[in-house]
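Let me begin by presenting the structure, written as structure tokens, before commenting on it.
Coordinate-derived values only; no laboratory data. Since the structure is predicted, the reported quantities are computational estimates derived from the model, not experimental observations. Note that each Cβ is placed from the backbone with ideal geometry, even for glycine, and that neighbours are counted across all protein chains shown.
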Amino acid sequence: MSTQPESAAAPSKPAQLMSVTSVRDGRRTQPGTPPAADGAFQPIQVVTVDLAEPLTGVKRLPSKSGIPYCGVRVLVLLHDVPIGVVWLDFESDRIAPATLAEVICAELEDHVRAHLIRDGVELGSAGAKVDPEALLLGFAGPCAVVPSTIPEARASVVLATRGRPASLPLALDALLESDHPDFEIVVVDNSPSDPRTADLISERYADEPRIRLVPEHRPGLSYARNRGLYAAKGDIIAFTDDDVMVQPSWLSRISAEFADPAVTCVTGLVEPAELESLWQWWFECAAGFGRGTERRVYHLTASPTSSPLFPYELGSYGTGASMALRKSALPPGWEFDEALGAGSPAAGGEDLDLFLDVLTLRGTLVYQPAAFSFHRHRADGAGLQAQMRGYGRGLTALLAKRLLTRPHERALLLKKAAAGVRHVFGPEFRTGSKDSVAAAPYPRGLRLQEALGMIQGPATYLIGLRRARRLKKVWWPDSQYHSSQRS
């Protein structure tokens with residue numbers, strides 16, 4: 001079983017993984033220390049089990065590096081709905097079903113019980129425990145936890161890509177497995193001078209009418225998403241990335257939330273597809289996309305949390321890798337800010353800008369973890385450092401943008417500024433709130449890159465504004481841009 005390591009330093013022998021739930025809804029269910037053997041990172045196997053089926057054991061598979069997996073991260077589902085994560089060590093080449101059931105009951109019993117009660121399953125007295133043997137048999141039956149009514153209108157999925165012919169088919173094949181009855185996929189090629197994306201679509205998906213390819217010459221994720229926004233035929237428009245593999249129920253469950261006419265935006269849970277490198281480990285421990293397994297509803301007048309930063313607790317709402325919006329609920333002509341996002345000097349923040357627009361316009365944002373997907377994190381140190389610097393830039397660039405362009409919002413933003421400063425410069429950030437997540441020293445270089453990005457953010461937004469004006473003139477005069485996107 002898992003035990004907490006005595007020291008926060010990475011051990012010289014295979015680490016024992018521990019399950020730590022420091023937030024009630026499971027947002028921070030992470031292992032203790034980076035596993036290592038003789039100074040080398042030991043990868044962690046990533047698997048998914050559904051308690052609706054009889055529970056089976058976990059067999060240790062070969063890793064990409066050839067280094068044996070030291071343990072396993074298990075995403076636990078019940079009726080295809082995530083209820084939490086547990087971590088176990090590989091003490092042999094197989095984890096027995098009874099051992100897995102025991103750990104799931106110890107770590108996630110409250111979540112299992114709550115789900116079954118909502119499904120109408122009789123569990124006996126209020127204090128009765130969930131029997132691990134029941135997990136071995138599975139909980140077959142209908143699920144009442146997630147909404148099932150899907151709006152009749154067509155849904156559109158916008159997938160922006162830039163020179164990734166290896167990962168793009170994985171993302172597209174996953175989308176094509178969707179159980180949604182009526183949808184289209186708009187693939188936006190953000191590097192049309194590179195023929196690989198167009199060749200892939202024409203060769204592999206020539207007979208797939210649900211896929212359309214549109215070019216966007218101007219580099220940047222916001223440009224690509226705006227191109228898709230105008231090309232999409234649906235009013236409900238979902239966005240994902242070319243390194244994300246969605247589940248078959250992802251689009252249906254996101255769309256079902258829009259049956260409530262008050263909902264403007266929906267985000268989903270994004271899980272790691274693999275933990276093969278130390279850098280993937282650190283990203284997942286300290287900056288991963290997971291936001292827990294509890295559905296949450298946000299409105300400017302009602303937050304499910306008591307954070308003094310609300311509505312600027314930007315890490316809680318979800319991620320642009322798994323989100324959807326109701327286009328008609330946003331102001332006419334609304335677009336992603338082209339001075340924000342990957343590929344811009346600010347390097348991020350365009351998805352958070354959408355979330356704030358939804359809330360400050362008094363729309364409703366729903367985080368629905370039942371709409372889940374898997375993301376392949378960056379596996380190299382240089383890539384992760386650039387990503388963390390981009391996160392820092394995107395955050396403060398976004399805040400600078402809100403101060404400059406949202407006069408009605410300034411009073412609220414300045415009111416929350418003191419709490420934000422206390423968070424950024426407080427001991428938890430300096431000594432490492434990330435350390436408390438991973439229970440080991442978070443790399444100082446990554447923390448410095450994030451802080452450097454925060455310092456650079458406001459200036460990069462101003463640079464991005466000038467760049468956006470220049471690119472719009474060079475590539476697409478306003479009238480041509482909008483008319484072409486509607487064609």
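Miscellaneous remarks
- By definition, a body whose alpha carbon gyration tensor gives a ≥ b ≥ c is oblate when a/c is 1.5 or more and a/b is not larger than b/c, and region 369-411 fits this oblate description.
- Computed lengthening from T305 to T405, 0.36 nm per intervening residue step minus Cα-Cα distance: 33.3 nm
- Our note on the geometry: Cα centres of region 88-155 and region 288-338, 28 Å apart.
- Sorting the segments 186-193, 203-210 by their residues' average number of neighbouring beta-carbon atoms within 10 angstrom, most packed first, yields 186-193, 203-210.
- Rounded to the nearest 20 debye, dipole of region 188-327 from Cβ charges on Lys, Arg, Asp, Glu: 620 debye
- Region 248-269 versus region 365-424: alpha-carbon centroid distance in Å: 22 Å
- Pair K472, D131: separation of 7 Å Cα→Cβ label points (nm): 6.6 nm
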